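Data first, discussion second: the structure below is written as structure tokens.
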Amino acid sequence: MTIPNFDAINVGDEIPSFTTEPVSRLTLALYATGSGDHHPLHLDQDYVRSKGMKDVFAHGMLGMAYLGRLLTQWVPQEAIRTFGVRFTAITWVGESMVCTGKVVEKLEQNGEKCVRLELTCANEQGEAKHKADAVVALA
């Protein structure tokens, strides 16, 4: 993977986005197995309905993983200096997630040329489910 060139990047540039397949019950089961998070809110339809919700919903960390994938499809993991995510809304079964990012600042940090990014994981209607920021070092 080639690290993007710092001098060729401008504030406002967007990084390559991607859209996930719709979140399915299988996605949730596989994520629960991998993460060890088997909370019934994510897996047990009877349980969530007893709590007044319409259906199970995605683990918050699944959206963070999608945003991590957005970053690592643009730069190698070792270029990531900071990565922070805020969960802003529930991701429901059947929603596809659109992951986007844009450069909001160019800076030098600890002797490295870096960019700060704003990242969003939203459904196809544009409702943000996760918002994040990251700093990555560039060549």
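The values are calculated or read from the model by the stated rules, or taken from the named source; none is laboratory data. In this text the structure is predicted, and so the values were computed from the model without any measurement. Neighbour counts run over all protein chains shown; Cβ positions are idealised from the backbone, glycine included. Only protein heavy atoms, including side chains, enter the accessible area calculation; ligands, DNA and RNA are left aside. Shrake-Rupley method; radii C 1.70, N 1.55, O 1.52, S 1.80 Å.
Brief remarks on what is shown
- When nucleic acids and ligands are ignored and a 1.4 Å probe is applied, R81 ends up with an accessible area of around 100 Å².
- Expressed as a fraction of 2.2 N^0.38 Å, the value expected for a compact globular protein of N residues, the C-alpha radius of gyration of region 59-102 is 1.23.
- Between D46 and F6, the simple label model (points 7 Å from Cα in the Cβ direction) yields a spacing of 5.9 nm.
- Over all other residues within a Cβ to Cβ distance under 10 Å of L117, the charged ones net out to -3, with Lys and Arg as +1 and Asp and Glu as -1.
- Relative contact order (%) - criterion: Cα under 8 Å, at least six apart; region: the chain: 31 percent
- For Q73, no residue 5 or more places off, or on another chain, has a built amide H under 5 Å of its own.
- Summing charges over neighbours of K54, with a neighbour being any other residue whose Cβ is under 13 Å away from its Cβ, gives -1 when K and R count +1 and D and E count -1.
- Rg ratio (alpha-carbon, reference 2.2 N^0.38 Å) - the chain: 1.17
- When GluC sites (Glu not before Pro) are flagged only if DSSP places them in a loop and at most 16 other Cβ atoms lie within 10 Å, the longest unflagged stretch of the chain comes out as 1-123.
- Under 5 Å, built H, 5+ apart or other chain: amide partners of R81: V135, V136, A137
- In a reduced charge model with +1 at each Lys and Arg Cβ and -1 at each Asp and Glu Cβ, the chain shows a dipole moment near 260 debye about its Cα centre.
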